[in-house]
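Here's the structure, in structure tokens; my notes come after.
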Amino acid sequence: MISPSTPTSIDDVAVVMTQQEVADLLRVDVSTIKRWRKSRADFPEAIAMSYRVILFRKDEIFAWIETMKEKKKDLYEEVDA
């Protein structure tokens, strides 16, 4: 029997991440992810599967991380100038 969490194709593997997975990736607490969802307009939009199950598109999280790296890099270049 295939459970709801069993990937049925390669395209289904790791397309989304839970709040906990995002928090672990960013090395922050889940409460920080919840706060960023409310306070940062640039934070990726969540997919609410239910009240407790919140998912994020993996590609959007990684794109956001790259954007944050660029912003940080630009900030340091301004300070050094």
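Under the criterion of Cα pairs below 8 Å and six or more residues apart, the relative contact order for segment 16-80 equals 30 percent.
Counting Lys and Arg as +1 and Asp and Glu as -1, each charge on the Cβ, what is the dipole of segment 16-80 about the Cα centre in debye, to the nearest 20?
On the way: 13 positive and 13 negative charges, 93 e Å.
About 440 debye.
Could you compute how fast segment 16-80 diffuses translationally, taking Rh as the Kirkwood radius over C-alpha pairs and applying Stokes-Einstein at 37 °C with viscosity 0.692 mPa s? Give it in µm² per second. Please report the intermediate quantities before stating the final value.
Values: Rh = 12.6 Å.
My calculation gives 260 µm²/s for D.
Report the full-extension gain for the segment Val28 to Met49: residue separation times 0.36 nm, less the Cα-Cα distance, to one decimal in nm. Write out the running numbers ahead of the final one.
Numbers: separation 21, 0.36 × 21 = 7.56 nm, distance 2.23 nm.
Roughly 5.3 nm would be gained on extension.
Quick note: the coordinates plus some simple rules give every number you see, no bench work behind them. Source: prediction; values computed, not measured. No Cβ is skipped: glycine too gets one built from the backbone with ideal geometry, and neighbour counts run over all protein chains shown.
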